[in-house]
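Please read the structure below before turning to the comments.
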Amino acid sequence: GENVEQHPSTLSVQEGDSAVIKCTYSDSASNYFPWYKQELGKGPQLIIDIRSNVGEKKDQRIAVTLNKTAKHFSLHITETQPEDSAVYFCAARYLLSNDYKLSFGAGTTVTVRA
Amino acid sequence: DSGVTQTPKHLITATGQRVTLRCSPRSGDLSVYWYQQSLDQGLQFLIQYYNGEERAKGNILERFSAQQFPDLHSELNLSSLELGDSALYFCASSVGLAHTEQFFGPGTRLTVL
């Protein structure tokens, strides 16, 4: 199966600064990489995703970059705000026994200090 | 609000018991996925149903089973419960069957005493 490693496990940033979370994956055939934000007591919320035929994707203050050669992808949050405080999960989609599955990283707890 | 609903929100039961968790996908979504989230294992994919048929299996125990009904809602049945089954159980849904653009429900917190 796919092994996704996520770093760092915790991240504290000053409001207005940028936050970067990195993930690596093991299966070179993986081709879809979503990022989820989970607030306390809620389910994961899809915030951005990228497919393997694209190197970068942006949506307002968030962006994701993908390096297929190195098998890693990153989430960038600019101009962080207190409401960005949450746990962020990366994931990679892989094919096993003719079926797709998502493998998730262990999560990064982001705290934005006011 | 993702449009995915799950009931109940909380469930407390004893070891050896059986429970049923329910999920209604977003309108128009044909795939339903079940995930288990625990502190030590993170988010683990359990099983996927697409338009009523089982599509993919993950790390689902034999004591667990699921089904998707003609109206596309799904139920996850957990039996012979053990303390280690205590976790958050999430349902997600998507339009297609390829595990892209999954939208998660609010989850059911299961506590086994």
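Nothing in this text is a laboratory measurement; each read-out follows from the coordinates by a stated rule. Being a predicted model, the structure only gives us computed values, none of them experimental. We place every Cβ from the backbone using ideal geometry, glycine too, and count neighbours over all the protein chains shown.
The ellipsoid that matches the Cα gyration tensor of chain A has semi-axes, each √(5λ) in whole angstrom, of 25, 15, 12, with the longest given first.
Among B:V4, B:V95, B:V19, the order by Cβ neighbours within 10 angstrom, fewest to most, reads B:V95, B:V19, B:V4. When the inverse distances between all different Cα atoms of the protein assembly as shown are averaged and flipped, the Kirkwood radius reads 18.0 angstrom.
In this simple spin-label model, placing a label point 7 Å from the Cα along the Cα-to-Cβ direction at both B:I12 and A:E56 gives a separation of 5.2 nm. Couplings for region A:56-69, taken from phi via the Karplus curve 6.51 cos²θ - 1.76 cosθ + 1.60 with θ = phi - 60°, read 8, 9, 10, 8, 6, 8, 10, 8, 10, 10, 10, 10, 5, 4 Hz in order; Gly and Pro are left as x. Near the amide H of A:A91, within less than 5 Å, lie the amide hydrogens of A:G105, all on another chain or at least 5 residues away, with H placed in the peptide plane.
Remark: region A:82-93, residue by residue, has Karplus-estimated 3J(HN,Hα) of x, 6, 7, 5, 4, 9, 10, 10, 9, 8, 9, 9 Hz, where x stands for each Gly or Pro and the curve is 6.51 cos²θ - 1.76 cosθ + 1.60 at θ = phi - 60°. Fewest neighbouring Cβ atoms within 10 Å first, the residues A:D17, B:D71 line up as B:D71, A:D17. In sequence order, region B:17-25 has phi-based couplings of 7, 10, 9, 10, 9, 10, 9, 10, x Hz under the Karplus curve 6.51 cos²θ - 1.76 cosθ + 1.60, θ = phi - 60°, and Gly or Pro positions carry x. Region A:1-62 and region B:43-113 have Cα centres spaced 23 Å apart.
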